[in-house]
Every structure is written in C-alpha cells, then in structure tokens.
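**Student:** Here it is, the structure in full.
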Amino acid sequence: MAVATATIALTIACVAGSAAGQHDKGTCSANHDQIKGSVLLQARKEKIRTGFGTADVTELDEGTLTMRSATAEEKKAFLDWTNSYRCMHGVAPVAWSDDVAANAAKYIGPMTSMEHSDSYNLRPPAGPAGENLYWASAVDKSSNFGTAAGAVQAWYSEVNYCRGGPTRFTDGCERGTKSTGHFTAMIWKGVKSIGCAFSNSVKPIVIICRYKAGDKLNLDTPNMKSTGNYKLQVLPASKTLQQCTTSTPAPAPVKPTPAPNSKRAPTPAPTPAIVDYEHCVPARSRKKCEHCTHSSQCGSSMYCCPYMKLCVQSSSTSCYPPIAGCKGEGKCSDPAFPKTWLGKTCGA
C-alpha cells in the first residue's frame with residue numbers, strides 16, 4: 001500500500017497586485033519572493049534536527065520555541081470553508097480536533113518555509129493524518145491573503161486541475177493537469193476531523209492543516225493510493241458554494257394579539273426577491289478576465305476568482321480593473337457587485 005503525501009506546491013489565494021505592492025493589473029497570485037521580511041521577534045534562523053526531520057526553525061530571544069494556535073474565529077473559518085467545500089462534493093462535514101491542531105502547531109510554529117512532516121506516521125491522537133501547507137509572504141486580511149480562509153480557498157482552487165473540471169471528473173481527481181493533492185486531502189470522504197495552525201513568523205507566514213480519518217492508517221486516510229480508492233473518496237461537485245453556505249432562516253417571532261381599538265400596524269415592506277446570479281448568464285459563456293459571480297459561468301478550464309470576481313485560468317492569471325474586491329460572501333468593495341456586475345440587473 002503506497003502512501004501519497006500531499007504535494008509541497010505553493011498555493012495562494014486571489015489578491016489585488018502582489019504582496020509587495022499594487023500594480024496596474026490584479027492577479028490571483030502573489031510573487032512570494034518580492035517580500036523577504038524579518039521573522040517575528042527579530043529571531044535568528046538555523047537548521048536543527050527535530051523529531052519530524054530537518055526544518056527551518058526560529059530561535060527566540062530566550063532560546064525557546066512558542067506555538068501560535070488558531071483563535072476561535074480562525075478555527076471557525078477553517079471549519080466553515082472546509083465544510084462548505086465538502087458539502088459541494090457530497091461528503092460529510094468534519095469536526096475540529098484539539099489534539100491534531102496542537103501537534104500541527106508544535107510542528108509549524110518555528111517554520112518560515114514549507115517542508116512536510118511525517119504526518120502519516122504520527123501516533124494517535126495526533127495522527128495518522130494527511131497534511132496541507134500554505135506559504136504567504138505576509139498577511140493581508142482585506143484579501144484573505146495569509147489567513148485561514150485564504151489557505152482553504154487556495155487549496156480548493158486545485159479542483160480546476162481535475163480532468164473534466166470540478167463537476168465532471170470521473171477518477172476522483174487522482175491525476176490532474178497539475179497538482180491536486182491539497183484539494184483531494186481536504187475533500188476526502190473518509191476524513192472525520194481536522195486541526196490547523198500558524199507559524200510564529202508573520203513575514204512570511206506558513207499555515208498547516210491536517211486531515212485525520214481515524215487512529216489507524218487505512219484507505220480512509222487522505223490520498224491513500226489503491227485501485228479505485230480516489231474514485232470512492234473524492235466525488236465531483238454536485239452543489240454550488242451558495243447552496244452550501246446559505247443558512248436556514250430562523251422562525252419568525254410570534255406577533256402579540258393587538259389590544260382592542262388599537263391602531264392598525266403599518267404594512268411591512270415587501271421581502272426583496274432572491275436573485276439567481278449564478279444562472280443569470282449562460283454557463284461557460286464568460287471569457288478570460290470577464291466578470292463573473294460563479295465558476296460555472298466561466299469557460300473551459302477557468303474559474304471565478306473569489307477576490308476579483310473575474311474568470312481566470314489559474315492563481316497566476318492577471319486582469320485589468322475593475323475588480324470586485326470581495327473579502328467574503330457579500331463583502332465586496334465595488335458597489336456594482338453583484339447587482340450589475342454581470343452587465344445586467346438579473347431580475348433584481
């Protein structure tokens with residue numbers, strides 16, 4: 001039984017310009033070599049031998065290493081985005097594991113570059129587990145660059161490299177046109193829990209998530225190769241992100257019975273119509289750098305950049321403004337998004 005660890009490729013989310021400054025074009029990537037920066041606490045870097053192998057670590061002023069665990073808000077972001085994407089592919093949500101997260105934090109804390117641990121051979125309760133890594137030159141919360149949400153979005157963007165596209169691949173995305181190991185680990189059906197953490201360094205910053213199926217290494221462990229296993233574990237998308245993030249509205253409060261001779265209550269304003277922006281334009285009709293609201297609107301081998309809301313071929317595709325500048329669902333800097341972003345009102 002062969003163990004296929006997640007790839008060590010750099011994957012980053014959509015940002016406007018590069019990490020070093022804004023340019024005339026927006027891009028779904030960042031030139032990570034343009035910001036060198038210094039690590040937190042003006043530390044000195046050296047190579048040491050750890051239980052996980054040789055890694056770049058930081059020696060702090062007192063010669064001790066600290067851990068930067070995820071905050072409650074960051075845990076929620078890791079879980080919400082991961083489970084939304086898992087919902088799109090028809091697999092059950094995962095839970096947060098403090099044990100997995102604590103071990104991941106211990107490993108990633110001193111690092112300033114990406115190097116995988118031997119996560120598949122970790123003992124319970126920390127493992128065995130698949131592992132995704134993400135590197136960013138700095139943190140920019142306005143674009144989710146270097147954040148929990150940004151890391152998960154970047155890993156998921158590899159779905160566009162599956163042969164057949166996000167909704168039509170038939171091999172469990174085992175062999176994509178480019179690396180897809182981060183995507184498959186996150187969507188793997190057998191995964192039951194995750195734990196994520198951040199490096200102590202923020203310039204650059206390294207983010208880790210581990211994906212655990214159980215206490216024993218088996219075919220439910222992410223990216224385990226066996227004939228037909230990927231096809232069973234990684235399913236094509238069957239729902240949209242909007243379908244998987246729309247919450248059920250709370251029941252309306254019971255109105256009190258009006259007292260006799262009371263004045264008639266004013267007529268409430270009509271409820272705004274729900275606009276189906278995804279199907280406002282024909283599927284696959286949008287070309288490179290054209291406005292979009294959903295990836296299904298973009299042509300073959302393209303997807304809708306979550307930050308720019310423009311159709312792109314990869315995270316390195318650059319486009320001229322205007323860009324939507326979206327930080328999350330419904331939080332975009334361009335007032336045209338989404339009502340007139342597609343060039344029509346779409347029934348709004």
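**Student:** Which whole-number value in Å² is the accessible area per residue of the range 96-181, probe 1.4 Å?
**Tutor:** That works out to 35 Å² per residue.
**Student:** Ignoring ligands and nucleic acids, what accessible area does His294 show with a 1.4 Å probe (Å², nearest 10)?
**Tutor:** Spelled out: His294, probe radius 1.4 Å, area about 30 Å².
**Student:** Next up: If ligands, DNA and RNA are left out, what is the accessible area of Lys331 with a 1.4 Å probe, given in Å² to the nearest 10?
**Tutor:** Approximately 140 Å² of Lys331 is accessible to the 1.4 Å probe.
**Student:** Moving to a separate point now. Leaving ligands, DNA and RNA out of it, work out the accessible area of Ser296 with a 1.4 Å probe and give it in Å² to the nearest 10.
**Tutor:** My reading of the accessible area for Ser296 is about 40 Å².
**Student:** Ordering Thr227, Thr340, Thr293 from largest to smallest accessible area (1.4 angstrom probe), what's the sequence?
**Tutor:** If we order Thr227, Thr340, Thr293 from most to least accessible, we get Thr227, Thr340, Thr293.
**Student:** Pairs to check: Lys141/Lys216; Lys203/Lys288; Lys76/Lys309. Give those whose C-alpha atoms are more than 27 Å from each other in this structure.
**Tutor:** Lys141/Lys216; Lys203/Lys288
The values are calculated or read from the model by the stated rules, or taken from the named source; none is laboratory data. Not measured: the values here are computed from a predicted model. The accessibility values were calculated without ligands, DNA or RNA, using every heavy atom of the protein model including side chains. Shrake-Rupley method; radii C 1.70, N 1.55, O 1.52, S 1.80 Å.
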